[in-house]
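Below you'll find the structure, written out as structure tokens, and then a few comments.
The values are calculated or read from the model by the stated rules, or taken from the named source; none is laboratory data. These numbers were taken from a predicted model, which means no experiment stands behind them. Glycine also receives a Cβ, built like all others from the backbone with ideal geometry; neighbour counts cover every protein chain displayed. Areas reflect the complete protein model, heavy atoms only, side chains present, ligands, DNA and RNA absent. Shrake-Rupley method; radii C 1.70, N 1.55, O 1.52, S 1.80 Å.
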Amino acid sequence: MGLSRKTMVREWIILALCLGLGAHVALGFLLHGGQNWPIESYGYYGIFFGVFIYVVVQIGRSLWWFKKGGRSTQSL
């Protein structure tokens, strides 16, 4: 069962948005947080937060899919 080009593009866009949001979360910690985290590792924190957000989004999408009944809305 192959994935269509449209599906792959959608997944890449979701991943890019989640990584960007993760970078903004790390930047928020850098600018507004009181913690003394080493600044050199904020890139790693950005990736970590981005992947974490991506996993949460995928879980949410899966729950939405199950709630909807698992029916695909794409016509072949």
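If I ask for residues that are in a helix (DSSP H, G or I) and either touching a helix residue (DSSP H, G or I) at 6+ places or on another chain (Cβ under 8 Å) or in contact (Cβ under 8 Å) with a residue 12 or more places away in the chain (or both), which ones from the range 25-35 would you list? Before you say what the answer is, go through the steps one by one.
First, the residues of the range 25-35 that are in a helix (DSSP H, G or I): 25-32.
Answer for the range 25-35, where residues must be in a helix (DSSP H, G or I) and either touching a helix residue (DSSP H, G or I) at 6+ places or on another chain (Cβ under 8 Å) or in contact (Cβ under 8 Å) with a residue 12 or more places away in the chain (or both): V25, A26, L27, F29, L30.
Under the condition of being under 12 Å from the mean Cα position of the chain (by Cα) and open to solvent by less than 90 Å² (accessible area, probe 1.4 Å), the residues counted in the range 26-52 number 4.
If you go through the range 1-23 and pick out every residue that is in a helix (DSSP H, G or I) and either polar (S, T, N, Q) or exposed (fewer than 12 other Cβ atoms within 10 Å of the Cβ) (or both), you end up with 7.
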